[in-house]
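**Q** First the structure, then my questions, so here it is.
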Amino acid sequence: MLLIDCLLCFLLQMGLLSLGTPLDWEKSREHNEHVRLHGISQLINMFRQHGLRRNDSFLWGDEIEYMIVDFDDTNKTAKLAINYDHVISDLNDEEKSLHKSVENNVSFHPEYGRYMIEGTPLKPYNGNLLEDYAYVETNMATRRLLGNNELPPNMHLVTLTSFARLGCPEFTSPESKPVGPALQSLFLPDEIINRHVRFPTLTANIRKRRGRKVAINLPLYPDVNTKLVDDLIPLDRKLYPSDKEAALGAAKPGHVYLDSMGFGMGSSCLQVTMQAADVNEARYLYDALAPFTPVLLAVSAAAPIFRGHLVNQDIRWNVVSGAVDDRTFLEKKEEPYHGYSETGGLDLEEKVPSTLEIDESGNYVGVNTADGKNVQYVPKSRYDSIDAYLGDSGYETGYFKKSYNDLFVPINDGIYDRLLKSGHFDNELARHFAHLFIRDPLVIFSERLDSNDDLDNDHFENIQSTNWQTLRFKPPALYPAGTDLSSKPGWRVEFRPLEIQLTDFENAAFSNVIALLSKAIIAFRPDFYIPITKIEQNMTTAHRVDAATNEKFWFKCFGNWRTTDLKKYSLQWLSDYIDGTLKPESNGVLHLAENGFSNVTEAALYSADAIVNGDSGHGGMIHLIIKLLATDLIPNFEGSREDLIAYLTRIKFQLQLVSRRASGAIPTTAHWLREKVLSSPLYHQDSRVSQELNYFLTTGALKVSELSDKVLLAELVGEDIADYLCR
Ligand code: ADP
Ligand code: MG
Ligand code: MG
Ligand code: MG
């Protein structure tokens, strides 16, 4: 999942994944400081080259991760296909199918799983054009079609966030055994990992740095016949020394135990990247999107089943977080397993003293690695929610207050000082990167150690793209002097928490919501700041079963959004406009803090419904988006009335989908999948999803995604949307 991101594109540019020799952890760790040092030089150069850049267009794009599933209708099995990874190479091969990708404006990228493909638009969408929002779904449908065209008839691309039987007996096609040295998993074979040597190295290096296998325990969904002890864990295996960890406390009773990276990076998600006009706008956008990350994650929930068990949560987030968690026991402040080192694979200067003191940057005083880096207390995995706002001090809003960054965030002191001294970073920005750079590089290619820091960005990207947070602040790359920078990608913000949905329609809906919300944020400049610890609490809430409808989330109090007349711009307004009973507004004018701003409590608990759809007195996220349509995208549309109505109708249905998922009028994907299991005659009230039940479930998911079963589709998206999609 989401892995490697920028690096993968980079690998592709280099000629599909042929980058040289990745170093094993013991060798790689000798170069950690080198990578950080040069990575920061590269970052400073990026700010030097692009810091003053202004007025970039609002471009954006999505990323969708697919799984290749092999359906056997005779034996009633659905398995992950692990020998069709040449499909990505073919779709990028000039002599094979690349022309099809290019002609159709799509691009395919490899992912962590050998059964996975990532698809994006080749050129980003123009966010100033209404027609491009309507085009998103078409682009997604083309990707699915081109991918499917490369596969035999029994195989299909499926957009499930987690494959229900990943890690169960006989879940791959062809069959493979969980005996590989990279994962050392009791459940997952190494054959599920991308063949390029980078991926098994990454997997092994996380385990080696951490000093033990990763361990994730998801609470079982309790049903009448559910067994608390999992007899599918081969506790007596003696293939690797790490096999004993399950019995040493890694596996918890009453939980589904997952022991390797593939469980997280082998799941799929939906990401959306927006380009801002300049660095300051990007910072404000990043901050304003932050409170939406847990709320929309909950609304997009799509992962109630892991390793063949229903779990008592609805999303993948904590699975991926645990799956790439490279922290040692000491960094996590945890007791080591009996016989294990608390400092894992770190190469320490001297022994850890018996009493430990932690300074305000998170450093264990006097505990250093051999190359002189402080060992730290690190509260969160490198895959986790964001830890701090970037601040909007350089922007006209100026809403940010230091008190909003109220979470403890360890930083790399030396890097913080260096960034401040460079003159290109204020406190918040310096802290942001100094926090990302507490991490070690996970894979270093020996051939690429030497860098030209005026032109290369791989050392920066090495650390940046292995900090997998809910949002990513993406600076522009470095270019030779004299390059026309306005034609190159600028300052971007990536929204990363969303789960993948079954249909292109739903994925387009969520993508459009994020892009339109971002554009509305830039246009109307609402104030969404709340203390970041409240967003942390919301991340925990977002994991709960049916969180979208049953839970409350901290959000900026209605009345303090600094928005005006939102309430008017409802879905009803959009329907009326489409029906011809309303006129468009004149171009939107900015009004900061015009009225309705009160100094009552800043944050309060709201349902996802209220945040998305507003309440009786105040508009919500949907109103902000429709106001943008009404005052900007509709008045600026230059095509025919007929086209306008067709585009708006599609967008209206998409907004309706997200609106109704938040209100509970239609189920989330997770709710729908769970209900499908619970109501199946193949289910035995034991929380387990058998091979046959998985076939039934995955076949249903495929029928929905291919819009071939209207009854099933209507359960998930509602009757009127199903009618529209199957018309
Ligand atoms: P990563 O995996 O690093 O997040 P990808 O290249 O896979 O990056 O996806 C990035 C997304 O950003 C794609 O949808 C792409 O179309 C989009 N994109 C590309 N250039 C720009 C740009 N200048 N502004 C905004 N989005 C862009
Ligand atoms: Mg990806
Ligand atoms: Mg991405
Ligand atoms: Mg990507």
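**Q** Quote the charge dipole size of segment 109-238 about the Cα centre in Debye, to the nearest 20; the model charges only the Cβ of Lys and Arg (+1) and of Asp and Glu (-1).
**A** Details: 17 positive and 14 negative charges, 176 e Å.
Computed charge dipole of segment 109-238: roughly 840 debye.
**Q** Taking N as the number of residues in segment 589-727, what is its Cα Rg relative to 2.2 N^0.38 Å? The partial results should precede the final answer.
**A** On the way: Rg = 20.2 Å, N = 139, 2.2 N^0.38 = 14.3 Å.
My calculation over the Cα atoms of segment 589-727 gives 1.41.
**Q** Then there is this: Once amide H atoms are built 1.01 Å from N in the peptide plane, which residues 5 or more positions from residue 386, or in another chain, come under 5 Å H to H?
**A** Hits under the 5 Å cutoff: 470, 471.
**Q** Something else about it: At 24 Å minimum axial length over the Cα atoms and a Kyte-Doolittle cut of 0.0, report the qualifying DSSP H helices in the chain, or say none. Intermediate values should be presented prior to the final figure.
**A** Numbers: long enough: 32-50 (27 Å, -0.62); 130-149 (30 Å, -0.67); 504-524 (29 Å, 1.10); 641-663 (31 Å, -0.20).
Helices passing the filter in the chain: 504-524.
**Q** Distance cut-off 30 Å, Cα to Cα: go down the list 401/552; 556/627; 208/488 and report the pairs above it. List each step's numbers first, then the result.
**A** On the way: 401/552 24 Å; 556/627 19 Å; 208/488 38 Å.
Over 30 Å apart, Cα to Cα: 208/488.
**Q** Arrange 228, 188, 37, 693 by Cβ neighbour counts within 10 Å, fewest through most, would you? Each step should come with its number before you reach the end.
**A** Working: 228 10, 188 28, 37 17, 693 22.
Lowest to highest Cβ neighbour count: 228, 37, 693, 188.
**Q** Please name whichever of 460, 442, 498 sits farthest to the positive end of the charge dipole of segment 430-510, dipole taken about the Cα centre and charges placed at Cβ: Lys and Arg +1, Asp and Glu -1.
**A** Working it through, the farthest residue towards the positive pole turns out to be 498.
**Q** Follow-up question, since we're still on this one. Determine the principal axes of the Cα atoms in segment 198-280, then give the extent along each, sorted from largest to smallest and rounded to whole angstroms.
**A** Computed over the Cα atoms, the extents are 57, 36, 19 Å.
**Q** Output needed: percent of Cα pairs per 10 Å distance bin for the chain, bins running from 0 to the one holding the longest distance.
**A** Percent of pairs per bin, in order: 3, 15, 26, 28, 20, 8, 1, 0.
**Q** So what's the back-of-envelope 222 nm ellipticity for the chain, counting only DSSP H runs of four-plus at -39500 (n - 2.57) apiece and dividing by all residues, rounded to 500? Each step should come with its number before you reach the end.
**A** Details: 26 runs with 260 residues, N = 727.
Mean residue ellipticity at 222 nm (helix-derived): -10500 deg cm²/dmol.
**Q** Further question: What are the lysines whose alpha-carbon lies under 27 Å from the alpha-carbon of residue 79, with same-chain residues fewer than 8 places away excluded?
**A** Result set, ordered by chain and number: 96, 177, 213, 227, 676, 703, 710.
**Q** For each of 24, 287, 579, 132, count neighbouring Cβ atoms within 10 Å of the residue's Cβ, then give the residues from fewest to most.
**A** On the way: 24 14, 287 29, 579 9, 132 20.
Ranking 24, 287, 579, 132 by Cβ neighbours within 10 Å, fewest first, gives 579, 24, 132, 287.
**Q** Given Cβ point charges of +1 (Lys, Arg) and -1 (Asp, Glu) and nothing else, what value in debye, to the nearest 20, does the dipole of the chain about its Cα centre take? It would help to have the intermediate numbers written out before the result.
**A** Values: 73 positive and 99 negative charges, 162 e Å.
Result for the chain is approximately 780 debye, rounded to the nearest 20.
**Q** Let me ask you something else. If you wrap a convex hull around the alpha carbons of segment 15-144, what volume per residue comes out, as a whole number of Å³? Before the final figure, lay out the partial values.
**A** On the way: hull volume 22.4 nm³, N = 130.
It comes to 172 Å³ per residue, whole-number rounded.
**Q** Only Cα pairs under 8 Å and at least 6 apart count here; give the relative contact order of segment 152-291 as a rounded whole percent.
**A** Details: 136 pairs, mean separation 36.0, N = 140.
After rounding, I find 26 percent.
**Q** So, R0 is 56 Å and r is the distance between the beta-carbons of residue 544 and residue 481; what FRET efficiency does that work out to, to 0.05? Intermediate values should be presented prior to the final figure.
**A** Numbers: r = 53 Å, r/R0 = 0.94.
Given R0 = 56 Å and the Cβ-Cβ separation, E is 0.60.
**Q** Given the convex hull over the Cα atoms of segment 241-396, what projected area results after averaging over all orientations, in nm²? Can you show the working numbers first?
**A** Numbers: hull surface 52.0 nm².
Result: 13.0 nm².
**Q** What is the spin-label model distance, in nm, from residue 370 to residue 89 if the labels are put 7 Å beyond Cα along the C-beta direction?
**A** Between residue 370 and residue 89, the label points sit 3.7 nm apart.
**Q** Along the positive direction of the dipole of segment 106-198 (beta-carbon charges: Lys, Arg +1; Asp, Glu -1; about the Cα centre), which of 112, 179, 147 reaches farthest?
**A** Farthest towards the positive end: 179.
**Q** Taking the beta-carbon count within 10 Å as an exposure proxy, list 173, 640 from fewest neighbours to most. Kindly include the intermediate steps, with their values, before the conclusion.
**A** On the way: 173 22, 640 9.
So the residues, fewest neighbours to most, are 640, 173.
**Q** Suppose R0 equals 60 Å. What FRET efficiency, 1/(1 + (r/R0)^6) with r the Cβ-Cβ distance, do residue 703 and residue 408 give to the nearest 0.05? Intermediate values should be presented prior to the final figure.
**A** Details: r = 48 Å, r/R0 = 0.80.
Efficiency, from the Cβ-Cβ distance: 0.80.
**Q** Kirkwood Rh, segment 41-113, all Cα pairs: how many Å? Before the final figure, lay out each step's value.
**A** Numbers: mean 1/r = 0.0609 Å⁻¹.
Final number for the Kirkwood radius of segment 41-113 is 16.4 Å.
**Q** A follow-up question, please. Defining a contact as two alpha carbons under 8 Å apart and six or more residues distant in sequence, what relative contact order in percent does the chain show? Display every interim value, and only then the final one.
**A** Values: 1465 pairs, mean separation 135.0, N = 727.
The value is 19 percent.
**Q** Could you point to the residue in 294, 75, 369 farthest towards the positive end of the chain's charge dipole, with +1 and -1 charges on the Cβ of Lys/Arg and Asp/Glu respectively?
**A** Ranked along the dipole, the leading option is 294.
**Q** Let me know the charge dipole size of segment 418-559 about its Cα centre in debye, to the nearest 20, where only the beta-carbon of Lys, Arg (+1) and Asp, Glu (-1) is charged. Each step should come with its number before you reach the end.
**A** Numbers: 16 positive and 19 negative charges, 127 e Å.
Dipole size: approximately 600 debye.
Only the coordinates and a few stated rules stand behind these numbers; no lab work does. Just so it is clear, the structure is predicted and the values come from calculations on it, not from any experiment. Cβ coordinates were reconstructed from backbone atoms using ideal geometry, including for glycine residues, and neighbour counts include every protein chain displayed.
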